[in-house]
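Here the structure comes first, spelled out in structure tokens, and everything after it is commentary.
The values are calculated or read from the model by the stated rules, or taken from the named source; none is laboratory data. Given the structure is predicted, the values throughout are model-derived calculations rather than measurements. Every residue, glycine among them, receives a Cβ derived from its backbone with ideal geometry; neighbour counts consider all protein chains shown. Side chains are part of the model used for accessible areas, which takes the heavy atoms of the whole protein and leaves out ligands, DNA and RNA. Shrake-Rupley method; radii C 1.70, N 1.55, O 1.52, S 1.80 Å.
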Amino acid sequence: MIWYPYQQMKTMTPPYKIEKAQGVYLYTQDQKLIDSMASWWSVIHGYQHPVLNEAITTQLEKFAHVMLGGLTHEPVEKLSDKLQHWLPGDLDYCFFSDSGSVAVEVALKIALQYYMNRGETQRTMVLALEHAYHGDTFKTMEVGDDEDYHFVLHAYGKSKSVLHIPTKIGALEKAFAEYHDRLNCFIVEPLLQGAGGMRMYDVSFLKRARELCDTYGVLLIFDEVATGFGRTGNRFVADLVLPDLLVLGKALTGGYLGHAVTVANHKVYEGFYDENPAHALMHGPTFMGNALACSVALKSIELFESQDDMSRIRRIEEITYRELAGFSDPRIKEIRIMGGCVCIEVYDAETIKGYQAFAYARGVFSRPFLNIMYAMVPYVIEEEELVQVLCTMKEWFRR
């Protein structure tokens with residue numbers, strides 16, 4: 001029996017069974033659905049893209065996977081080289097893993113060991129944001145701040161090694177003034193906090209964070225698993241403010257295979273590059289650098305560039321603003337739009353109870369959570385399809 005995610009199995013509504021997927025559509029036995037979730041924000045080029053399909057089948061004829069322990073292969077070398085030249089600044093060193101959560105774990109481990117290697121053993125604390133979500137493994141839960149997901153950590157009590165602050169510059173400056181000599185890193189979902197409520201904040205906060213990290217010698221980590229590859233309307237938020245460590249996943253492979261990467265700058269990498277074997281990064285996911293995943297990631301990046309996805313995202317944002325202009329309802333707390341993300345936050349979660357079935361009947365797959373109704377569509381969506389998604393959201397409130 002399947003144990004489904006984020007569900008109380010005893011009371012859950014049966015999931016929709018997908019028989020086929022093509023472009024932006026999911027097909028059940030009786031319905032054709034626009035996937036407004038892009039399979040948790042990852043399928044940016046749509047389903048069954050011929051270029052991505054071919055990348056996998058071509059590599060499969062050679063081999064599907066070999067370990068990176070003592071071995072290497074062309075797809076992982078090419079992907080590393082592409083990311084080195086494609087990412088901003090000196091984010092040049094790629095450590096691959098098999099999921100976003102693990103890639104964040106790697107970043108946190110790197111940040112801690114970086115200072116241990118330097119003998120700064122007092123730097124054991126992590127600064128993070130309120131309402132943060134960085135994954136469901138244990139350290140990522142600890143730096144997260146959402147009890148709806150991470151209440152299991154109550155068994156351990158409040159962490160003494162993590163400090164959470166709001167996205168306010170005053171709170172940021174106060175935290176650095178008090179804890180700077182004990183911090184090894186500051187980790188953020190830049191500009192857009194996803195699973196913690198689709199919360200959006202200004203780039204000025206990140207610019208000040210970069211200044212404070214430089215002043216006090218603290219590493220800055222951007223978790224762009226969700227925000228990367230254009231979702232905020234920026235190619236990467238790292239193009240605006242340069243972190244020391246960048247974490248990518250989800251759309252890295254166009255949503256085809258689970259794969260992620262933690263990218264370090266020169267300063268961080270050189271903190272491990274030593275004749276002392278104890279200074280090595282002792283980490284190695286079995287499927288890191290998977291050949292199929294690397295092959296499809298390369299092609300996904302090529303599509304992102306050749307199809308000018310950034311223009312598509314700007315168009316998605318324009319249409320969303322146009323369709324929601326002047327729309328309001330007393331039950332709605334706030335409507336937020338950023339790049340390829342739209343969020344309608346309501347005061348009471350009961351307000352959107354039943355919306356998933358309502359949307360299904362109108363040809364849209366949606367998955368509201370908490371008091372949030374939102375869409376993060378594939379970038380290949382056509383205008384009439386996007387309008388259908390947005391009109392379905394509005395129609396719910398106009399019943």
### Query
Under 7 Å by Cβ, and 6 or more places apart or on different chains, what pairs join a residue from segment 331-354 that is on the phi > 0 side of the Ramachandran plot and touching a residue at least 40 places away in the same chain (Cβ under 8 Å) with one that is open to solvent by 20 Å² or more (accessible area, probe 1.4 Å) and assigned to a helix (DSSP H, G or I)?
Gly339/Glu317
#### Entry: Matching residues, segment 238-275, being in contact (Cβ under 8 Å) with a residue 40 or more places away in the chain, more than 21 Å from Pro88 (Cβ to Cβ) and surrounded by fewer than 19 Cβ atoms within 10 Å (Cβ to Cβ)
Gly258, Phe272, Asp274
### Candidate set: segment 75-98, residues that are part of a helix (DSSP H, G or I) and touching a residue at least 60 places away in the same chain (Cβ under 8 Å); chosen: the one most open to solvent (accessible area, probe 1.4 Å)
Lys78
### Query
Taking segment 99-152 as the search range and keeping residues that are polar (S, T, N, Q) and closer than 15 Å to Asp244 by Cβ, which one is surrounded by the fewest Cβ atoms within 10 Å (Cβ to Cβ)?
Asn117
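Being part of a helix (DSSP H, G or I), under 22 Å from Ala111 (Cα atoms), out of contact with any Ser or Thr (no Cβ under 9 Å at 6 or more places or on another chain) and not acidic (Asp, Glu) is true for just one of Ala155, Ala175, Ala132. Which residue is that? Lay out the reasoning, then the answer.
Working: Ala155 fails: under 22 Å from Ala111 (Cα atoms); Ala132 fails: part of a helix (DSSP H, G or I).
Sole residue among the options that is part of a helix (DSSP H, G or I), under 22 Å from Ala111 (Cα atoms), out of contact with any Ser or Thr (no Cβ under 9 Å at 6 or more places or on another chain) and not acidic (Asp, Glu): Ala175.
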### Query
Can you name the number of the only condition in (1) at pLDDT 95 or above; (2) among the charged types (D, E, K, R); (3) in contact with a Ser or Thr (Cβ under 6 Å, 6 or more places away or on another chain) that Glu142 fails?
(1)
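Table: residues versus (1) part of a helix (DSSP H, G or I); (2) open to solvent by less than 30 Å² (accessible area, probe 1.4 Å); (3) among the aromatic types (Phe, Trp, Tyr).
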| residue | (1), (2), (3) |
| --- | --- |
| Arg314 | yes, no, no |
| Lys333 | no, no, no |
| Ile344 | no, yes, no |
| Ala359 | yes, yes, no |
| Cys391 | yes, no, no |
### Among (1) more than 26 Å from Gly340 (Cβ to Cβ); (2) open to solvent by less than 40 Å² (accessible area, probe 1.4 Å); (3) in contact (Cβ under 8 Å) with a residue 60 or more places away in the chain; (4) not in a loop (DSSP other than H, G, I, E, B) - the single one Met288 does not satisfy
(4)
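For segment 93-111, name all the residues that are of a type in the set (Gly, Ala, Ser) and more than 12 Å from Leu248 (Cα to Cα).
Filtering segment 93-111 for residues of a type in the set (Gly, Ala, Ser) gives 97, 99-101, 103, 107, 111.
Passing the criteria: only Ala111.
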### Query
Looking only at residues in segment 248-276 that are assigned to a loop (DSSP other than H, G, I, E, B) and among the charged types (D, E, K, R), which one is nearest to the chain's Cα centre (by Cα)?
Asp274
### Task
Sort out which residues of segment 99-129 are more than 17 Å from the chain's Cα centre (by Cα), under 18 Å from Leu163 (Cβ atoms) and part of a helix (DSSP H, G or I), and write them in order of number.
Ala111, Leu112, Tyr115
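Checking the condition touching a residue at least 40 places away in the same chain (Cβ under 8 Å) and open to solvent by less than 70 Å² (accessible area, probe 1.4 Å), which residue from Val203, Val218, Val162 passes?
Details: Val203 fails: touching a residue at least 40 places away in the same chain (Cβ under 8 Å); Val162 fails: touching a residue at least 40 places away in the same chain (Cβ under 8 Å).
Exactly one of Val203, Val218, Val162 is touching a residue at least 40 places away in the same chain (Cβ under 8 Å) and open to solvent by less than 70 Å² (accessible area, probe 1.4 Å), namely Val218.
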